[in-house]
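Each value in this text was obtained by applying a stated rule to the coordinates, not by laboratory testing. Just so you know, these numbers come straight off a predicted model, no measurement behind them. Cβ placement follows ideal geometry from the backbone for every residue including glycine, while neighbour counts extend to all protein chains displayed.
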Amino acid sequence: MRVPVSKQALQAVVRHLNEQVREVRSDLEFSISIDKATDRPVVKIIDRKTKAVIRQIPPQDLLSLDHRLQQLAGLLLRARA
């Protein structure tokens with residue numbers, strides 16, 4: 001069961017994470033967004049200088065798999081109806 005998270009709450013978490021990480025690693029920043037296809041939060045760790053995504057949680061391949069599974073579940077439910 002997923003609990004809805006407000007955009008303001010996500011932004012507050014990002015601000016807090018960025019403040020904490022700057023004390024240790026000033027070259028990194030966090031980004032949190034909601035994946036449109038799955039409606040799940042996505043955390044990205046980004047290199048501040050190059051803007052390259054160092055790590056994404058969950059990884060894109062898992063988000064794609066989740067989206068496909070949701071589509072299949074919808075098809076199964078429609079087929080049963």
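Could you give me the ³J(HN,Hα) list for region 39-50, computed from phi with Karplus coefficients 6.51, -1.76, 1.60 and θ = phi - 60°, whole Hz, x at Gly and Pro?
With coefficients 6.51, -1.76 and 1.60, one gets 6, 10, x, 10, 9, 10, 9, 10, 6, 4, 6, 9 Hz.
Can you list which of the trypsin sites (Lys or Arg not before Pro) found in region 1-61 are DSSP loop residues with at most 15 other C-beta atoms within 10 Å? Can you show the working numbers first?
Details: sites: ARG2, LYS7, ARG15, ARG22, ARG25, LYS36, LYS44, ARG48, LYS49, LYS51, ARG55; in loops: ARG2, ARG25, LYS36, ARG48, LYS49, LYS51.
Those satisfying the criteria are ARG2, ARG25, LYS36, ARG48, LYS49, LYS51.
For the chain, build the charge dipole from Cβ charges (+1 Lys, Arg; -1 Asp, Glu) around the Cα centre, then report which of SER64, LEU76, ALA12 sits farthest towards its positive end.
Checked the options; the winner is LEU76.
By how many degrees, between 0 and 90 and to the nearest 10, does the Cα long axis of helix 60-80 differ from the longest principal axis of the chain?
20 degrees
Net charge near ILE54, counting Lys/Arg +1 and Asp/Glu -1 over other residues with Cβ under 11 Å of its Cβ?
+2
Under a 5 Å amide H to amide H cut-off, with H placed in plane at 1.01 Å, what residues pair with ILE34 once short-range neighbours are removed?
Residues meeting the criterion, in which the H sits 1.01 Å from N, are VAL42.
For the chain, give the magnitude of the charge dipole about the Cα centre (Cβ charges: +1 Lys/Arg, -1 Asp/Glu; no others), in debye to the nearest 20. Before the final figure, lay out each step's value.
Values: 15 positive and 9 negative charges, 46 e Å.
Approximately 220 debye in magnitude.
Please determine, in degrees from 0 to 90 and to the nearest 10, the orientation of helix 7-24 with respect to the longest principal axis defined by the Cα atoms of the chain, where the helix direction is its Cα long axis.
40 degrees
Alpha carbons only, please: Rg and Dmax for the chain, in angstrom.
Values for the chain (Cα only, Rg and Dmax): 16.2, 56 Å.
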